[in-house]
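Visitor: Could you have a look at this structure, given as structure tokens, before my questions?
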Amino acid sequence: MIKNMKYLKIAAFLLSATVSVASFAQDKPATATTEVKASVKAKEDRSYVEDYASKKANLVYLVEGKENQVTYKEISGKSVILTDATGANLTIEHGSTTFKFILKAPAEWQKARVAAQRGDVENAISAMRDVVYPLIPLTALSEDAFDSTSYIEPFVSALLEAKLYKEAYAFAKALPVEMAGAGTIKSVMEVAIALANNGEINKAMKLVEKVELRDATQYDASDSVMKAMGLLRSKGKIKDMLPLYTKFGGTKNPQASEFKLWGIYCDVALGNRMSAELYLNEIKVDKNSEAFSLYQLVKGDLRATDPKNPNLMGALDAYAEGIVFGKISSEWMPELLYKAGMTYKALKRFVASNEIFAQISAMYPTDPFAAKGTKEIVKIEKKKVEKEVSHDDDDDDDDDEDDE
């Protein structure tokens, strides 16, 4: 048994995490599933924004139990201007929830729902277009004032299922993302992710660049934005991501520290060590927060990549602490484990590195770091295993002496 304290801590985390994953799989209630065969004979994949440019959406709001119909007119500054039947303007300030608007579901929407239930994605999309495109500017209204997400999200999902990427991109680009709520931003990020996975990196970048995350109603989309940015970062857009991480890290967003840390991560990857060290020292991250394990990942990277004097043991200390205090659900946990494994391998602790790589595959089978870790597993002769265990026992004695 390996007694090295760092490895024991990591091993304990891996064991508890594996049990948690297994328990979740067993406890999850069985659900009846219906196979939907979406045989899409897609029509021309193109932008339909101009086709609906002149069509205005009508909404309804209640005053003393009486329905009042209004029509979209324009966006002025950060306000949405609507007009009523008399031609009078109704100005809705950004974020206002004074009025509650509804869209009376037209026949086209019901047709779309029926077609979607049958798995007829092409006809579902065709029916949805007449409803959804006129709603594009109305996504600038607070989602508490008008629930546009109920229409935008299923439409975007259908476009992506049908692989209508040109239309999805044009639709997402037309949305007033800088004013929209979290629901709309999440849908736009789904398009960005699909485009990036399809090799259309520049288009995905343009969608991410539209996001602001400066309003409290947008903060809930932070995870979706980080997921899209993480994918682009993994595809080589590290330099392009850096100013965006800086922008999002400069807000009052509760997750601002995570954006800042990813910015520092990019600095380390780009070799901007002085800048990375400066900003990392300025950040205070609570050990009980989820961001703490990301903080340790960045700290470990700084130590491991020092061009003059790589500090592998110092890096391992940082990675290990991040793993012990981290969450298995954190986006960066597979990478954190992988780097801990690679550090053990660099130190020729192959038993430890092999076990960590194997556990990554077990816990995160679809993550890219699982495949990378599997390739790093090495065959070890029995004598070498015994020698490594003996060496780790000696290290454990040293740890005990340090504790006294």
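Visitor: For the stretch 65-79, in order, what is each residue's ³J(HN,Hα) by Karplus, 6.51 cos²θ - 1.76 cosθ + 1.60 with θ = phi - 60°, in whole Hz (x at glycine and Pro)?
Guide: So the Karplus estimates, Gly and Pro as x, are x, 9, 6, 10, 8, 10, 10, 5, 10, 6, 9, 10, x, 10, 10 Hz.
Visitor: Using a 1.4 Å probe on the protein heavy atoms only, what accessible surface does MET342 show? Give it in Å² to the nearest 10.
Guide: 60
Visitor: Another question, if that's okay. Mind grabbing the base-10 log of I(q)/I(0) for the stretch 139-250 at q = 0.09, 0.10, 0.20, 0.22 Å⁻¹? Debye formula, identical points on the C-alpha positions, no solvent, two decimal places.
Guide: -0.20, -0.25, -1.02, -1.22
Visitor: OK, next. So what are the ³J(HN,Hα) numbers for the stretch 352-360, from phi and the Karplus equation (6.51, -1.76, 1.60; θ = phi - 60°), rounded to whole Hz, Gly and Pro as x?
Guide: So the J values, rounded to whole Hz, are 5, 5, 4, 5, 5, 4, 5, 5, 4.
Visitor: Using packing as a proxy for protection, rank 260-272, 299-311, 215-227 so that the peptide with the highest average count of other Cβ atoms within 10 Å comes first.
Guide: On the way: 260-272: 21.2, 299-311: 16.0, 215-227: 19.3.
Ranking the peptides 260-272, 299-311, 215-227 by packing returns 260-272, 215-227, 299-311.
Visitor: Apply the Karplus parameterisation 6.51 cos²θ - 1.76 cosθ + 1.60, with θ equal to phi minus 60°, to every residue of the stretch 329-337 and state each ³J(HN,Hα) to the nearest whole Hz, in sequence, with x for glycine and proline.
Guide: These are the phi-based 3J(HN,Hα) values: 7, 5, 4, 8, 4, x, 5, 4, 5 Hz.
Visitor: Report D for the stretch 282-388 in µm² per second (integer): Stokes-Einstein, Kirkwood Rh on Cα pairs, 20 °C, 1.002 mPa s.
Guide: Stokes-Einstein gives a translational diffusion coefficient of 151 µm²/s.
Visitor: Taking 0.36 nm per residue of separation and subtracting the Cα-Cα distance, what length does fully extending ALA346 through ILE75 add? Kindly include the intermediate steps, with their values, before the conclusion.
Guide: Working: separation 271, 0.36 × 271 = 97.56 nm, distance 5.79 nm.
Gain on extension, ALA346 to ILE75, equals 91.8 nm.
Visitor: Still on this model: Among 92-100, 348-356, how do they line up by average Cβ neighbours within 10 Å per residue, starting with the highest? Numbers along the way, then the final one.
Guide: Working: 92-100: 14.6, 348-356: 21.0.
Highest mean packing first, the order is 348-356, 92-100.
Visitor: A further question on this structure: What is the log10 of I(q)/I(0) for the stretch 257-341, computed with the Debye formula using one identical point scatterer on each Cα and no solvent, at q = 0.16, 0.21, 0.24, 0.26 Å⁻¹?
Guide: Debye curve over Cα of the stretch 257-341, log10 I(q)/I(0) at q = 0.16, 0.21, 0.24, 0.26 Å⁻¹: -0.53, -0.94, -1.22, -1.40.
The values are calculated or read from the model by the stated rules, or taken from the named source; none is laboratory data. If you're wondering where the values come from, they're calculated on a predicted model, not measured in any experiment. Note: ideal-geometry Cβ built from the backbone for every residue, glycine included; neighbour counts use all protein chains shown. These area figures cover heavy atoms from the full protein model, side chains too; ligands, DNA and RNA do not enter into them. Shrake-Rupley method; radii C 1.70, N 1.55, O 1.52, S 1.80 Å.
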